[in-house]
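Report on one structure; see the data block that follows.
The values are calculated or read from the model by the stated rules, or taken from the named source; none is laboratory data. Please read all numbers here as calculations on a predicted model, not as lab measurements. All Cβ positions, even for glycine, are placed from backbone atoms using ideal geometry, and neighbour counts span all protein chains on display. Just so you know, the surface numbers come from the protein's heavy atoms only, side chains and all, with ligands and any DNA or RNA stripped out. Shrake-Rupley method; radii C 1.70, N 1.55, O 1.52, S 1.80 Å.
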Amino acid sequence: MRAVLLTLAALAALGLTGAVAVVWFGLYNVSAVTGHLPGVSWVLHTTFRNSVWLRAPSEETVPELDDKDLIALGAGHYATACVPCHGMPGEPASATMQAMVPAPPHIDEAVAHWEPNELFWIVENGVKMTGMPAWPVGGRDDEVWAVVAYLVSVQEEAAPELAGEDEPEEYCASCHGRVGGQVPRLDILQAEYLEEQLQAYLSGKRPSGIMAQAVTSVPEARLAELARHFAETADEAGDEDVADAELASKGEALAREGTRDVPTCLACHGEREDGQRKGPVLDGQRRGFMEVQLTLWRDGVLEHDPLMRAATRDLSDAEIAALAAYFAGR
Ligand code: HEC
Ligand code: HEC
Ligand code: HEC
């Protein structure tokens, strides 16, 4: 018995010494030229696939993905965040990216074998030790679904063209002015407010993977000028909004009078006698955007303004829909 234990201890010590030598003397060749040893790629990819199958959310969590604004939003994000590695549909990927180990599969291939709920998990979590990044901020399932909506449109060969503008204004305008739904209108807002928000996306104070990508894709020195430009540029992206008068009038009552738990929104978002307001303009803002934002405030994903957090804490989904319908139609 004692001999067995001693042998095991000796082997363990030898193994440890070996491991230390590999790390310390650089014995393991990290060169990506030759790829993995035979079999290793198979093991890694199979582990990856099974890990996704085990962890992906259930199919019931998949929202409507065929909304054209949602797909366009996902496409706009994909164009800068994912194209460098996965390429554009129908176009070859860059030779340099093909030399990665593992190489990112071309978009046409990357979407081929996964269901929407699995794509969601992959885009939200990334894949460790492969270069596939996680979503940059937490709590933004709504944004990840926009990207999944685009990936599914690629699967179905119904994807919109990707924009490839280099000038900052045109790049921002690939969403703002062209896409409705959860992309906000900027032309109703003041330049100072827009600039503050751009800084909040940059610092991470206001979590959004889509806008964090956008503000880090243009020179920081241009942000103030972009805020001024978009405050003054009419946004005509159409929203085929079904005006729901009954819903809007419920929203109006809540926004004007509040309840025991919800303060009146107009106290801060309506114009005061001196023409000032405490909060940003919401009149004419998009319904889809308002619904997403109010849900994020209520659920505590957004918390950078304590008064807004308190104002929304007790809202129900139905109240959120009513408020969004009211302000969108104002
Ligand atoms: C820096 C390069 C890089 C970026 C940027 C990147 N990916 Fe990936 N991605 C990879 C690599 C590498 C893999 C392969 C992982 C593996 O097979 O083990 C991968 C895998 C995937 C897969 C799974 C495909 C499969 O079957 O292996 C999907 C889907 C995907 N990426 C989507 C995206 C989306 C959407 C974005 C943008 C939000 C993105 N990726 C950004 C490198 C990248
Ligand atoms: C891929 C689409 C897309 C691109 C590109 C994009 N945006 Fe946005 N933008 C959005 C979305 C979606 C939101 C809402 C984000 C959130 O949930 O906070 C937003 C929010 C904003 C806001 C906050 C508005 C408010 O009412 O609070 C500003 C300001 C803004 N964007 C400006 C810009 C500028 C400037 C650029 C270019 C550097 C840009 N955006 C590029 C989609 C985009
Ligand atoms: C005490 C003042 C106050 C009250 C009450 C209030 N808000 Fe706000 N709200 C703000 C401020 C300030 C902001 C800007 C926060 C920031 O800096 O991002 C804001 C932001 C928002 C935004 C994001 C707008 C955008 O374009 O970025 C929405 C939507 C919103 N409020 C809706 C509402 C609704 C609906 C109510 C009523 C339930 C409400 N607010 C009550 C002060 C208030």
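In the chain, the convex hull through the Cα atoms has an average projected area of 24.5 nm², a quarter of its surface area. Taken along its principal axes, the alpha carbon cloud of the stretch 243-330 reaches lengths of 33, 30, 25 Å, longest axis first.
About its Cα centre, the chain has a charge dipole of approximately 1920 debye under the convention of +1 per Lys or Arg Cβ and -1 per Asp or Glu Cβ, with nothing else charged.
For the stretch 104-154, relative contact order (Cα pairs under 8 Å, six or more residues apart, normalised by length) works out to 37 percent. For K250, a cut-off of 20 angstrom between C-alpha atoms picks up these aspartates and glutamates, skipping any fewer than 8 places away in its own chain: D241, D261, D283, E291, D314, D317, E319. When H77, H106 are compared by accessible surface with a 1.4 Å probe, the order from highest to lowest is H106, H77.
Counting only heavy atoms of the protein chains and using a 1.4 Å probe, Y78 has close to 0 Å² of accessible surface. Alpha-carbon geometry of the stretch 168-232: the Rg and the Dmax are 10.7, 29 Å, given in that order. Of the GluC sites (Glu not before Pro) found in the stretch 241-282, the ones in coil according to DSSP and having at most 15 other Cβ atoms within 10 Å of their Cβ are E271, E273. All distinct Cα pairs of the stretch 10-162 go into the 1/r average, and the inverse of that average, the Kirkwood radius, is 17.5 Å. Of the residues F25, F120, ranked by 1.4 Å probe accessible area with the largest first, the sequence reads F25, F120. Rolling a 1.4 angstrom probe over the protein heavy atoms with all chains in place gives the stretch 245-329 an accessible area of 52 Å² per residue.
Using a probe of 1.4 Å, the accessible surface attributed to R286 totals some 10 Å² when neighbouring protein chains are kept in position. Accessible area per residue for the stretch 38-196, computed on protein heavy atoms with a 1.4 Å probe, is 54 Å².
Surface composition of the chain: carbon and sulfur atoms hold 57% of the protein heavy-atom accessible area at a 1.4 Å probe.
Between the listed residues G238, L294, M308, the Cα displaced farthest toward the positive end of the dipole of the stretch 196-323, a dipole computed from Cβ unit charges relative to the Cα centre, is found at M308. In this view, the solvent-accessible surface of C268, computed with a 1.4 Å probe and all protein chains in place, comes to about 40 Å².
Screening the chain for whole DSSP H helices of 27 Å or more along their axis (Cα) with average Kyte-Doolittle hydropathy at least 1.6 returns 2-24. Sequence-distant or interchain residues sharing an amide H contact under 5 Å with M132, placed H: which? Hits under the 5 Å cutoff: V127.
Remark: the stretch 105-114, residue by residue, has Karplus-estimated 3J(HN,Hα) of x, 4, 3, 4, 7, 4, 8, 5, 10, 10 Hz, where x stands for each Gly or Pro and the curve is 6.51 cos²θ - 1.76 cosθ + 1.60 at θ = phi - 60°.
Compactness of the stretch 54-124 was expressed as the Cα radius of gyration divided by 2.2 N^0.38 Å, which yields 1.21. Quotient of the Cα radius of gyration of the stretch 176-330 and 2.2 N^0.38 Å, N being its number of residues: 1.04.
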